[in-house]
1. May I ask you to list the residues in segment 38-60 that are under 17 Å from Trp84 (Cβ atoms) and either touching a Phe, Trp or Tyr at 6+ places or on another chain (Cβ under 6 Å) or of a type in the set (D, E, K, R) (or both)?
2. Against the definition (in a loop (DSSP other than H, G, I, E, B) and not basic (Lys, Arg)), how does Gly83 come out, yes or no?
3. Could you tell me whether segment 26-42 includes any residue that is within 10 Å of the chain's Cα centre (by Cα), at pLDDT 90 or above and either at positive phi or small (Gly, Ala, Ser) (or both)?
4. Residues that are among the basic types (Lys, Arg) and either at pLDDT below 95 or on the phi > 0 side of the Ramachandran plot (or both): does segment 69-81 have at least one?
5. Under 7 Å by Cβ, and 6 or more places apart or on different chains, what pairs join a residue from segment 1-22 that is assigned to a helix (DSSP H, G or I) and surrounded by 11 or more Cβ atoms within 10 Å (Cβ to Cβ) with one that is hydrophobic (A, V, I, L, M, F, W, C) and at pLDDT 70 or above?
6. Say we look at segment 50-80 and pick out the residues that are in a loop (DSSP other than H, G, I, E, B) and in contact with a helix residue (DSSP H, G or I) (Cβ under 7 Å, 6 or more places away or on another chain); which of these is farthest from Glu21 (Cα to Cα)?
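The values are calculated or read from the model by the stated rules, or taken from the named source; none is laboratory data. On a predicted model such as this, the values are computed, not experimentally measured, just so you know. Backbone-built Cβ (ideal geometry, glycine too); neighbour counts: all protein chains shown.
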Amino acid sequence: MRSVTAHQAVENSPTLGRLAELVKESSDRLKAIQPLIPEGLRSAVKAGPIEGETWCLLVSGNAAAAKLRQLTPLIQSRLLGKGWKVTSIRLKILIGKK
């Protein structure tokens, strides 16, 4: 039995390849909006899944989510300006995660 590296598995599987692309794109989106997020909240926001034209941000706590809700129009505008078609941003609060 021959072992395969994770990189080789991604290269050999269209499904894994697409998943890897989505993970990278989500990370790139987060980098693009970082300057819009107050510095003290940046560590509370993580890139989440992309589902069609909806992007999810994973947020540590209700207070950070409330602030991000206020910034959602600005965040969406930034993403559209960078060429990503995002019609909605979903926030998922991670309870007990820091």
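1. First pass over segment 38-60, keeping only residues under 17 Å from Trp84 (Cβ atoms): 45, 47-57.
Once the filter is applied, which keeps residues that are under 17 Å from Trp84 (Cβ atoms) and either touching a Phe, Trp or Tyr at 6+ places or on another chain (Cβ under 6 Å) or of a type in the set (D, E, K, R) (or both), segment 38-60 yields Glu51, Glu53.
2. Details: in a loop (DSSP other than H, G, I, E, B): yes; not basic (Lys, Arg): yes.
Judged against the criteria, Gly83 is a match.
3. Yes - at least one qualifying residue is present in segment 26-42.
4. First, the residues of segment 69-81 that are among the basic types (Lys, Arg): 69, 78.
Now narrow it down to the ones that are either at pLDDT below 95 or on the phi > 0 side of the Ramachandran plot (or both): none.
Among the residues of segment 69-81, not one is among the basic types (Lys, Arg) and either at pLDDT below 95 or on the phi > 0 side of the Ramachandran plot (or both), which makes the answer no.
5. Ala9/Leu16; Val10/Leu16; Val10/Ala20; Leu22/Ile50
6. Start the filter on segment 50-80 by keeping residues that are in a loop (DSSP other than H, G, I, E, B), which leaves 52-53, 60-61.
In the following step, the residues that additionally are in contact with a helix residue (DSSP H, G or I) (Cβ under 7 Å, 6 or more places away or on another chain) were identified as 60-61.
Values: Ser60: 25, Gly61: 28 Å.
Within segment 50-80, the match that is farthest from Glu21 (Cα to Cα) is Gly61.
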